[in-house]
1. Tell me, yes or no, whether region 106-114 has at least one residue that is in a helix (DSSP H, G or I) and free of Cβ contacts under 8 Å to residues at least 24 places away in the same chain.
2. Looking only at region 2-50, count how many residues are away from the ligand (no atom under 13 Å from the Cβ), closer than 12 Å to ILE64 by Cα and at pLDDT 95 or above.
3. Run down LEU314, LEU345 and say which single residue is more than 19 Å from the chain's Cα centre (by Cα), assigned to a helix (DSSP H, G or I) and at pLDDT 95 or above.
4. For region 295-317, which residues satisfy the criterion of being surrounded by 13 or more Cβ atoms within 10 Å (Cβ to Cβ), of a type in the set (A, V, I, L, M, F, W, C) and touching a Gly at 6+ places or on another chain (Cβ under 7 Å)?
5. Between a residue in region 38-63 that is of a type in the set (Ser, Thr, Tyr) and any residue that is outside any helix (DSSP H, G or I) and surrounded by fewer than 18 Cβ atoms within 10 Å (Cβ to Cβ), which pairs come within a Cβ distance under 8 Å, given they are 6 or more apart or on different chains?
6. Do we have any residue at all in region 159-177 that's touching a residue at least 60 places away in the same chain (Cβ under 8 Å), touching a Lys or Arg at 6+ places or on another chain (Cβ under 8 Å) and assigned to a loop (DSSP other than H, G, I, E, B)?
7. If LYS101 satisfies all but one of (1) in a loop (DSSP other than H, G, I, E, B); (2) within 10 Å of the ligand (Cβ to nearest atom), what's the number of the condition it fails?
8. So if I check each of MET110, MET59, which one is away from the ligand (no atom under 12 Å from the Cβ), touching a Leu at 6+ places or on another chain (Cβ under 7 Å) and at pLDDT 95 or above?
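The values are calculated or read from the model by the stated rules, or taken from the named source; none is laboratory data. Computed from a prediction, not measured in an experiment: that's the story for all the values here. Cβ atoms come from the backbone with ideal geometry, glycine included; neighbour counts cover every protein chain shown.
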Amino acid sequence: MRITIFGSGYVGLVTGACLADVGHEVLCVDVDERKVARLNAGEVPIYEPGLENLISKNMAAGRIRFTTDAAEAVKYGLLQFIAVGTPSDEDGSADLKYVLKVAETIGAHMNDYKIIVDKSTVPVGTASKVERTVAAELEKRGLDLEFDVCSNPEFLKEGAAIEDFSRGSRIIVGTDSERVKKAMLECYGPYNRQRDKMMFMGVRSAELTKYAANAMLATKISFINEIANLAERLGADVEEVRHGIGSDPRIGYSFIYPGCGYGGSCFPKDVKALAHTAEEIGHPAEMIKAVERVNARQKNKLFEKLCQAFDGQLAGKTIALWGLAFKPNTDDMREAPSRALMEALWEAGARVQAFDPEATEECRRLYGERDDLVLADRRDDALEGAHALVICTEWKAFRTIDFPQLRETLAEPVVVDGRNLYSPDTVKAAGLAYYGIGRGDSV
Ligand code: NAD
(Lines give C-alpha, C1' and ligand atoms only; values in the text may rest on other atoms or scores of the structure.)
Protein backbone atom coordinates (compact mmCIF):
# COMPACT_ATOMS: atom_id res chain seq x y z
CA MET A 1 0.00 0.00 0.00
CA ARG A 2 1.10 3.58 -0.52
CA ILE A 3 1.03 5.46 2.75
CA THR A 4 1.65 9.13 3.55
CA ILE A 5 2.55 10.19 7.07
CA PHE A 6 2.36 13.82 8.16
CA GLY A 7 4.79 14.51 11.02
CA SER A 8 8.21 12.87 11.41
CA GLY A 9 8.39 12.92 15.21
CA TYR A 10 8.35 9.92 17.55
CA VAL A 11 5.02 8.61 16.36
CA GLY A 12 5.34 9.45 12.66
CA LEU A 13 8.82 7.96 12.30
CA VAL A 14 8.05 4.78 14.20
CA THR A 15 4.78 4.28 12.32
CA GLY A 16 6.48 4.97 8.98
CA ALA A 17 9.45 2.70 9.65
CA CYS A 18 7.30 -0.18 10.95
CA LEU A 19 4.81 0.01 8.07
CA ALA A 20 7.66 0.16 5.52
CA ASP A 21 9.27 -2.83 7.19
CA VAL A 22 6.27 -5.03 6.38
CA GLY A 23 6.36 -4.03 2.72
CA HIS A 24 4.28 -0.86 2.43
CA GLU A 25 5.61 2.13 0.50
CA VAL A 26 5.82 5.07 2.87
CA LEU A 27 6.34 8.78 2.26
CA CYS A 28 6.95 10.83 5.41
CA VAL A 29 6.36 14.57 5.22
CA ASP A 30 7.40 17.20 7.74
CA VAL A 31 7.46 21.01 7.74
CA ASP A 32 10.82 21.01 9.53
CA GLU A 33 13.35 21.28 6.68
CA ARG A 34 16.36 20.52 8.88
CA LYS A 35 14.74 17.38 10.22
CA VAL A 36 13.92 16.14 6.71
CA ALA A 37 17.45 16.92 5.47
CA ARG A 38 18.94 14.95 8.37
CA LEU A 39 16.61 12.02 7.73
CA ASN A 40 17.52 12.01 4.05
CA ALA A 41 21.19 11.99 5.07
CA GLY A 42 20.50 8.80 7.05
CA GLU A 43 20.48 10.51 10.45
CA VAL A 44 17.62 9.90 12.88
CA PRO A 45 16.94 13.08 14.88
CA ILE A 46 15.60 11.30 17.98
CA TYR A 47 16.94 8.50 20.15
CA GLU A 48 14.70 5.46 20.01
CA PRO A 49 16.20 1.97 20.30
CA GLY A 50 16.26 0.15 16.94
CA LEU A 51 14.79 3.02 14.94
CA GLU A 52 17.94 4.06 13.11
CA ASN A 53 18.53 0.51 11.83
CA LEU A 54 14.91 0.08 10.80
CA ILE A 55 14.87 3.36 8.88
CA SER A 56 18.20 2.82 7.14
CA LYS A 57 17.27 -0.74 6.13
CA ASN A 58 13.96 0.41 4.63
CA MET A 59 15.48 3.48 3.00
CA ALA A 60 18.01 1.23 1.29
CA ALA A 61 15.14 -0.98 0.10
CA GLY A 62 13.36 2.11 -1.29
CA ARG A 63 10.31 1.61 0.93
CA ILE A 64 10.53 4.83 2.97
CA ARG A 65 11.30 8.39 1.85
CA PHE A 66 11.22 11.82 3.51
CA THR A 67 10.05 15.09 2.02
CA THR A 68 8.85 18.61 2.82
CA ASP A 69 6.71 18.64 -0.34
CA ALA A 70 3.17 18.46 1.03
CA ALA A 71 1.52 18.51 -2.41
CA GLU A 72 3.49 15.43 -3.50
CA ALA A 73 2.76 13.76 -0.15
CA VAL A 74 -1.01 14.26 -0.45
CA LYS A 75 -1.03 12.80 -3.95
CA TYR A 76 1.07 9.81 -2.84
CA GLY A 77 -0.91 7.71 -0.37
CA LEU A 78 -4.43 6.36 -0.21
CA LEU A 79 -3.92 6.51 3.55
CA GLN A 80 -2.96 9.93 4.89
CA PHE A 81 -1.79 9.54 8.48
CA ILE A 82 -1.78 12.61 10.71
CA ALA A 83 0.96 12.22 13.36
CA VAL A 84 1.71 15.83 14.27
CA GLY A 85 1.90 17.30 17.77
CA THR A 86 -1.13 18.27 19.85
CA PRO A 87 0.48 20.34 22.63
CA SER A 88 -1.36 21.89 25.56
CA ASP A 89 -2.89 25.24 24.88
CA GLU A 90 -2.74 27.88 27.63
CA ASP A 91 -6.07 26.75 29.09
CA GLY A 92 -4.96 23.08 29.15
CA SER A 93 -6.98 22.06 26.09
CA ALA A 94 -5.29 20.23 23.21
CA ASP A 95 -4.09 22.73 20.61
CA LEU A 96 -5.35 21.42 17.27
CA LYS A 97 -3.64 23.95 15.02
CA TYR A 98 -1.12 21.46 13.59
CA VAL A 99 -3.75 18.77 13.01
CA LEU A 100 -6.13 21.18 11.29
CA LYS A 101 -3.28 22.63 9.22
CA VAL A 102 -2.63 19.13 7.86
CA ALA A 103 -6.36 18.73 7.15
CA GLU A 104 -6.23 22.00 5.21
CA THR A 105 -3.19 20.82 3.25
CA ILE A 106 -4.89 17.54 2.35
CA GLY A 107 -8.02 19.38 1.19
CA ALA A 108 -5.90 21.81 -0.82
CA HIS A 109 -4.04 19.12 -2.77
CA MET A 110 -6.10 15.92 -2.98
CA ASN A 111 -7.40 14.88 -6.39
CA ASP A 112 -8.94 11.49 -5.61
CA TYR A 113 -10.40 9.45 -2.73
CA LYS A 114 -8.33 9.58 0.47
CA ILE A 115 -8.61 8.03 3.90
CA ILE A 116 -7.39 10.43 6.56
CA VAL A 117 -6.15 8.52 9.59
CA ASP A 118 -5.82 10.52 12.76
CA LYS A 119 -3.00 9.07 14.84
CA SER A 120 -2.33 12.21 16.90
CA THR A 121 -3.99 12.24 20.32
CA VAL A 122 -7.00 14.49 19.87
CA PRO A 123 -10.16 15.33 21.84
CA VAL A 124 -13.48 13.72 21.05
CA GLY A 125 -15.04 15.46 18.06
CA THR A 126 -11.77 16.20 16.24
CA ALA A 127 -12.50 13.79 13.38
CA SER A 128 -15.57 15.89 12.58
CA LYS A 129 -13.44 19.06 12.67
CA VAL A 130 -10.91 17.48 10.30
CA GLU A 131 -13.77 16.44 8.02
CA ARG A 132 -15.21 19.97 7.94
CA THR A 133 -11.76 21.50 7.31
CA VAL A 134 -11.05 19.19 4.35
CA ALA A 135 -14.54 19.76 2.93
CA ALA A 136 -14.12 23.55 3.18
CA GLU A 137 -10.82 23.39 1.24
CA LEU A 138 -12.39 21.21 -1.44
CA GLU A 139 -15.28 23.63 -1.72
CA LYS A 140 -12.84 26.53 -2.25
CA ARG A 141 -11.40 24.54 -5.15
CA GLY A 142 -14.89 23.84 -6.50
CA LEU A 143 -14.37 20.08 -6.04
CA ASP A 144 -16.66 17.45 -4.62
CA LEU A 145 -14.30 14.56 -3.88
CA GLU A 146 -15.02 11.64 -1.62
CA PHE A 147 -12.90 11.08 1.50
CA ASP A 148 -13.15 9.46 4.94
CA VAL A 149 -11.69 10.37 8.31
CA CYS A 150 -10.98 7.73 10.94
CA SER A 151 -9.34 7.69 14.36
CA ASN A 152 -6.39 5.37 14.98
CA PRO A 153 -4.88 6.39 18.32
CA GLU A 154 -1.33 5.33 19.06
CA PHE A 155 -0.34 3.54 22.27
CA LEU A 156 3.42 3.20 21.80
CA LYS A 157 5.80 4.11 24.62
CA GLU A 158 8.96 6.05 23.91
CA GLY A 159 11.93 3.80 24.63
CA ALA A 160 10.07 0.67 23.51
CA ALA A 161 8.23 2.20 20.58
CA ILE A 162 9.07 -0.34 17.87
CA GLU A 163 8.27 -3.29 20.10
CA ASP A 164 4.99 -1.62 21.12
CA PHE A 165 4.02 -0.82 17.54
CA SER A 166 4.84 -4.32 16.32
CA ARG A 167 3.53 -6.33 19.25
CA GLY A 168 1.13 -3.92 20.96
CA SER A 169 -1.94 -5.15 22.79
CA ARG A 170 -4.47 -3.61 20.40
CA ILE A 171 -4.93 -1.64 17.19
CA ILE A 172 -7.92 0.64 17.56
CA VAL A 173 -9.73 2.09 14.59
CA GLY A 174 -12.69 4.41 15.03
CA THR A 175 -14.87 4.34 11.92
CA ASP A 176 -18.27 3.19 10.67
CA SER A 177 -17.15 2.83 7.05
CA GLU A 178 -16.63 -0.64 5.55
CA ARG A 179 -14.25 0.83 2.99
CA VAL A 180 -12.05 2.27 5.75
CA LYS A 181 -12.16 -1.00 7.71
CA LYS A 182 -10.95 -2.92 4.66
CA ALA A 183 -8.09 -0.49 4.01
CA MET A 184 -7.00 -0.43 7.67
CA LEU A 185 -7.07 -4.24 7.81
CA GLU A 186 -4.78 -4.29 4.78
CA CYS A 187 -2.49 -1.67 6.29
CA TYR A 188 -2.11 -3.43 9.64
CA GLY A 189 -2.59 -7.00 8.36
CA PRO A 190 1.05 -8.02 8.87
CA TYR A 191 0.85 -6.90 12.51
CA ASN A 192 -2.44 -8.68 13.04
CA ARG A 193 -1.49 -12.24 12.13
CA GLN A 194 -0.64 -13.85 15.44
CA ARG A 195 -3.99 -12.91 16.97
CA ASP A 196 -6.72 -10.52 15.92
CA LYS A 197 -6.03 -7.34 17.80
CA MET A 198 -7.88 -4.95 15.54
CA MET A 199 -10.74 -3.29 17.41
CA PHE A 200 -13.22 -1.36 15.33
CA MET A 201 -15.44 1.08 17.18
CA GLY A 202 -17.18 4.41 16.81
CA VAL A 203 -14.88 7.31 16.04
CA ARG A 204 -15.74 9.19 19.25
CA SER A 205 -15.11 6.08 21.35
CA ALA A 206 -11.71 5.62 19.71
CA GLU A 207 -10.80 9.24 20.43
CA LEU A 208 -11.85 8.89 24.07
CA THR A 209 -10.11 5.51 24.50
CA LYS A 210 -6.71 7.14 24.10
CA TYR A 211 -7.39 9.73 26.81
CA ALA A 212 -8.95 7.13 29.10
CA ALA A 213 -5.88 4.90 28.75
CA ASN A 214 -3.40 7.66 29.56
CA ALA A 215 -5.53 9.04 32.39
CA MET A 216 -5.77 5.55 33.92
CA LEU A 217 -1.99 5.08 33.80
CA ALA A 218 -1.38 8.55 35.24
CA THR A 219 -3.90 7.75 37.98
CA LYS A 220 -1.96 4.65 38.97
CA ILE A 221 1.21 6.72 39.30
CA SER A 222 -0.43 9.51 41.31
CA PHE A 223 -2.19 6.93 43.48
CA ILE A 224 1.00 5.15 44.52
CA ASN A 225 2.75 8.50 45.01
CA GLU A 226 -0.04 9.55 47.34
CA ILE A 227 0.36 6.30 49.27
CA ALA A 228 4.14 6.95 49.35
CA ASN A 229 3.53 10.33 50.94
CA LEU A 230 1.37 8.73 53.58
CA ALA A 231 3.93 5.96 54.15
CA GLU A 232 6.63 8.56 54.72
CA ARG A 233 4.67 10.19 57.50
CA LEU A 234 3.42 6.93 58.99
CA GLY A 235 6.79 5.20 59.21
CA ALA A 236 5.90 2.58 56.58
CA ASP A 237 7.91 1.62 53.48
CA VAL A 238 5.92 2.07 50.27
CA GLU A 239 8.05 -0.58 48.56
CA GLU A 240 6.70 -3.16 50.99
CA VAL A 241 3.20 -1.79 50.51
CA ARG A 242 3.65 -1.97 46.72
CA HIS A 243 4.50 -5.67 46.94
CA GLY A 244 1.62 -6.18 49.30
CA ILE A 245 -1.01 -4.67 47.03
CA GLY A 246 0.45 -5.78 43.68
CA SER A 247 0.04 -9.44 44.62
CA ASP A 248 -3.73 -9.00 44.38
CA PRO A 249 -4.48 -9.84 40.73
CA ARG A 250 -7.23 -7.23 40.71
CA ILE A 251 -4.51 -4.62 41.33
CA GLY A 252 -1.38 -6.13 39.78
CA TYR A 253 2.23 -4.96 39.91
CA SER A 254 2.44 -2.93 36.75
CA PHE A 255 2.67 0.84 36.81
CA ILE A 256 2.57 1.23 40.59
CA TYR A 257 6.14 2.38 41.10
CA PRO A 258 6.45 5.39 43.38
CA GLY A 259 8.75 8.17 42.16
CA CYS A 260 9.21 11.85 41.52
CA GLY A 261 6.15 12.27 39.29
CA TYR A 262 5.26 11.51 35.68
CA GLY A 263 6.51 13.64 32.81
CA GLY A 264 6.95 13.24 29.08
CA SER A 265 5.09 14.51 26.09
CA CYS A 266 1.84 12.64 26.76
CA PHE A 267 0.59 12.07 30.32
CA PRO A 268 0.78 15.70 31.50
CA LYS A 269 -0.87 17.18 28.42
CA ASP A 270 -3.42 14.40 27.96
CA VAL A 271 -4.59 14.50 31.59
CA LYS A 272 -4.95 18.29 31.31
CA ALA A 273 -6.81 18.00 28.00
CA LEU A 274 -9.24 15.43 29.42
CA ALA A 275 -9.91 17.64 32.44
CA HIS A 276 -10.53 20.53 30.06
CA THR A 277 -12.94 18.51 27.93
CA ALA A 278 -14.82 17.57 31.10
CA GLU A 279 -15.10 21.22 32.17
CA GLU A 280 -16.29 22.19 28.71
CA ILE A 281 -19.20 19.76 28.84
CA GLY A 282 -20.12 20.84 32.36
CA HIS A 283 -18.82 17.76 34.14
CA PRO A 284 -15.83 18.74 36.27
CA ALA A 285 -13.85 15.48 36.46
CA GLU A 286 -12.65 15.64 40.09
CA MET A 287 -10.51 12.53 39.91
CA ILE A 288 -8.65 13.62 36.81
CA LYS A 289 -7.92 17.04 38.32
CA ALA A 290 -6.62 15.40 41.50
CA VAL A 291 -4.28 13.15 39.47
CA GLU A 292 -2.72 16.26 37.99
CA ARG A 293 -2.46 18.12 41.32
CA VAL A 294 -0.81 15.17 43.05
CA ASN A 295 1.70 14.94 40.22
CA ALA A 296 2.56 18.63 40.33
CA ARG A 297 3.25 18.29 44.05
CA GLN A 298 5.30 15.14 43.53
CA LYS A 299 7.61 16.84 41.05
CA ASN A 300 8.70 19.15 43.86
CA LYS A 301 9.55 16.26 46.23
CA LEU A 302 13.22 15.90 45.36
CA PHE A 303 13.84 19.58 45.94
CA GLU A 304 12.00 19.37 49.29
CA LYS A 305 14.15 16.43 50.31
CA LEU A 306 17.34 18.31 49.45
CA CYS A 307 16.07 21.28 51.48
CA GLN A 308 15.48 18.89 54.36
CA ALA A 309 18.97 17.41 54.02
CA PHE A 310 20.69 20.79 53.94
CA ASP A 311 18.39 22.72 56.31
CA GLY A 312 17.23 24.86 53.42
CA GLN A 313 20.82 26.07 52.80
CA LEU A 314 21.26 25.15 49.15
CA ALA A 315 22.99 28.31 47.91
CA GLY A 316 26.53 27.46 46.81
CA LYS A 317 25.93 23.69 46.97
CA THR A 318 26.73 21.42 44.02
CA ILE A 319 24.17 18.71 43.34
CA ALA A 320 25.00 15.67 41.20
CA LEU A 321 21.94 14.63 39.20
CA TRP A 322 21.71 11.27 37.47
CA GLY A 323 18.99 11.06 34.84
CA LEU A 324 17.64 13.94 32.78
CA ALA A 325 15.20 12.12 30.47
CA PHE A 326 11.64 11.75 31.74
CA LYS A 327 12.14 7.98 31.70
CA PRO A 328 14.86 5.50 30.65
CA ASN A 329 15.68 4.66 27.01
CA THR A 330 14.74 8.02 25.58
CA ASP A 331 16.36 11.43 25.18
CA ASP A 332 13.02 13.16 25.69
CA MET A 333 13.02 15.76 28.49
CA ARG A 334 9.53 17.19 27.96
CA GLU A 335 8.02 17.87 31.42
CA ALA A 336 10.72 15.69 33.00
CA PRO A 337 10.97 15.78 36.83
CA SER A 338 14.68 16.58 36.37
CA ARG A 339 13.70 19.94 34.92
CA ALA A 340 11.55 20.91 37.88
CA LEU A 341 14.41 19.97 40.19
CA MET A 342 17.16 21.78 38.24
CA GLU A 343 15.09 24.94 37.92
CA ALA A 344 14.31 24.95 41.66
CA LEU A 345 17.97 24.35 42.50
CA TRP A 346 19.15 27.21 40.30
CA GLU A 347 16.54 29.45 41.85
CA ALA A 348 17.97 28.52 45.27
CA GLY A 349 21.51 29.34 44.14
CA ALA A 350 22.80 25.76 43.78
CA ARG A 351 24.84 24.30 40.91
CA VAL A 352 23.93 21.13 39.03
CA GLN A 353 26.31 18.50 37.65
CA ALA A 354 24.18 16.20 35.55
CA PHE A 355 24.65 12.97 33.66
CA ASP A 356 22.25 11.09 31.38
CA PRO A 357 23.15 8.28 28.95
CA GLU A 358 21.13 9.88 26.11
CA ALA A 359 19.61 13.24 27.02
CA THR A 360 22.71 15.41 27.52
CA GLU A 361 22.44 17.03 24.09
CA GLU A 362 18.74 17.69 24.62
CA CYS A 363 19.53 19.35 27.96
CA ARG A 364 22.15 21.56 26.30
CA ARG A 365 19.60 22.50 23.64
CA LEU A 366 17.01 23.38 26.30
CA TYR A 367 19.18 25.34 28.73
CA GLY A 368 22.24 26.38 26.69
CA GLU A 369 25.56 27.14 28.36
CA ARG A 370 25.25 28.38 31.94
CA ASP A 371 27.62 28.66 34.89
CA ASP A 372 25.41 26.65 37.23
CA LEU A 373 25.11 23.60 34.93
CA VAL A 374 27.81 21.08 34.08
CA LEU A 375 26.88 18.20 31.77
CA ALA A 376 29.14 15.27 32.51
CA ASP A 377 30.21 12.77 29.84
CA ARG A 378 30.43 9.91 32.31
CA ARG A 379 28.20 8.93 35.20
CA ASP A 380 30.83 9.22 37.92
CA ASP A 381 32.27 12.49 36.58
CA ALA A 382 29.05 14.17 37.74
CA LEU A 383 29.96 13.24 41.34
CA GLU A 384 33.27 15.11 41.53
CA GLY A 385 33.02 17.80 44.22
CA ALA A 386 29.23 17.31 44.61
CA HIS A 387 27.49 17.66 47.98
CA ALA A 388 24.68 15.21 47.18
CA LEU A 389 23.59 12.68 44.58
CA VAL A 390 19.99 12.74 43.28
CA ILE A 391 18.49 10.03 41.04
CA CYS A 392 15.80 11.35 38.71
CA THR A 393 15.55 8.59 36.06
CA GLU A 394 15.81 4.83 36.58
CA TRP A 395 18.35 4.07 33.84
CA LYS A 396 19.87 0.57 34.22
CA ALA A 397 23.34 2.13 34.43
CA PHE A 398 22.39 3.69 37.79
CA ARG A 399 21.29 0.51 39.51
CA THR A 400 24.66 -0.60 40.76
CA ILE A 401 26.85 1.73 42.78
CA ASP A 402 29.90 1.23 44.95
CA PHE A 403 28.42 3.05 47.95
CA PRO A 404 31.62 3.19 50.08
CA GLN A 405 33.34 4.75 47.05
CA LEU A 406 30.42 7.18 46.66
CA ARG A 407 30.82 8.13 50.32
CA GLU A 408 34.46 8.97 49.62
CA THR A 409 33.62 11.07 46.57
CA LEU A 410 30.70 13.16 47.85
CA ALA A 411 31.50 16.27 49.87
CA GLU A 412 28.47 15.54 52.07
CA PRO A 413 26.92 12.09 52.60
CA VAL A 414 23.52 12.65 50.97
CA VAL A 415 21.70 10.37 48.49
CA VAL A 416 18.20 11.33 47.26
CA ASP A 417 16.76 8.34 45.45
CA GLY A 418 13.84 9.66 43.38
CA ARG A 419 13.12 6.20 41.92
CA ASN A 420 13.68 3.95 44.96
CA LEU A 421 16.48 2.10 43.17
CA TYR A 422 18.51 1.28 46.27
CA SER A 423 18.07 -0.51 49.54
CA PRO A 424 18.06 2.13 52.31
CA ASP A 425 20.00 -0.26 54.58
CA THR A 426 22.82 -0.73 52.04
CA VAL A 427 23.15 3.00 51.46
CA LYS A 428 23.08 3.77 55.18
CA ALA A 429 25.62 1.02 55.93
CA ALA A 430 28.11 2.96 53.79
CA GLY A 431 27.67 6.01 56.03
CA LEU A 432 25.38 7.90 53.68
CA ALA A 433 22.03 9.53 54.51
CA TYR A 434 19.29 8.02 52.33
CA TYR A 435 16.20 9.91 51.21
CA GLY A 436 13.84 7.75 49.17
CA ILE A 437 10.21 8.16 48.14
CA GLY A 438 7.78 6.97 50.78
CA ARG A 439 10.30 4.92 52.74
CA GLY A 440 9.34 5.81 56.26
CA ASP A 441 12.09 7.17 58.48
CA SER A 442 14.77 6.13 56.00
CA VAL A 443 17.15 9.02 56.83
P1 NAD B 1 6.64 15.28 17.79
O2 NAD B 1 6.60 16.66 18.32
O3 NAD B 1 7.82 14.40 18.12
O4 NAD B 1 6.52 15.32 16.21
C5 NAD B 1 5.57 16.07 15.50
C6 NAD B 1 6.14 16.41 14.14
O7 NAD B 1 5.10 17.00 13.35
C8 NAD B 1 7.27 17.43 14.17
O9 NAD B 1 8.41 16.90 13.50
C10 NAD B 1 6.71 18.64 13.41
O11 NAD B 1 7.68 19.37 12.68
C12 NAD B 1 5.69 17.97 12.50
N13 NAD B 1 4.67 18.84 11.94
C14 NAD B 1 3.99 19.87 12.52
N15 NAD B 1 3.13 20.42 11.65
C16 NAD B 1 3.22 19.72 10.49
C17 NAD B 1 2.58 19.80 9.23
N18 NAD B 1 1.66 20.71 8.98
N19 NAD B 1 2.93 18.92 8.27
C20 NAD B 1 3.90 17.99 8.51
N21 NAD B 1 4.54 17.87 9.68
C22 NAD B 1 4.20 18.72 10.67
O23 NAD B 1 5.30 14.58 18.27
P24 NAD B 1 5.06 13.05 18.68
O25 NAD B 1 5.64 12.79 20.02
O26 NAD B 1 5.40 12.17 17.54
O27 NAD B 1 3.46 13.07 18.88
C28 NAD B 1 2.56 13.19 17.80
C29 NAD B 1 1.16 12.89 18.30
O30 NAD B 1 1.08 11.53 18.76
C31 NAD B 1 0.71 13.74 19.49
O32 NAD B 1 -0.66 14.00 19.39
C33 NAD B 1 0.98 12.85 20.68
O34 NAD B 1 0.13 13.15 21.78
C35 NAD B 1 0.66 11.48 20.12
N36 NAD B 1 1.35 10.38 20.78
C37 NAD B 1 2.65 10.50 21.15
C38 NAD B 1 3.29 9.42 21.76
C39 NAD B 1 4.73 9.55 22.20
O40 NAD B 1 5.15 8.72 23.00
N41 NAD B 1 5.50 10.52 21.75
C42 NAD B 1 2.61 8.23 21.99
C43 NAD B 1 1.29 8.12 21.55
C44 NAD B 1 0.66 9.21 20.96
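1. Going residue by residue through region 106-114, those that are in a helix (DSSP H, G or I) are 106-109.
Filter once more, so that each one left must be free of Cβ contacts under 8 Å to residues at least 24 places away in the same chain: none.
No, region 106-114 contains no residue that is in a helix (DSSP H, G or I) and free of Cβ contacts under 8 Å to residues at least 24 places away in the same chain.
2. 12
3. Exactly one residue qualifies, and that residue is LEU345.
4. Scanning region 295-317 gives LEU302, LEU314.
5. SER56/GLY42
6. yes
7. Evaluating LYS101 over (1) in a loop (DSSP other than H, G, I, E, B); (2) within 10 Å of the ligand (Cβ to nearest atom) leaves (1) as the failure.
8. Values: MET59 fails: touching a Leu at 6+ places or on another chain (Cβ under 7 Å).
On inspection, the qualifying residue turns out to be MET110.
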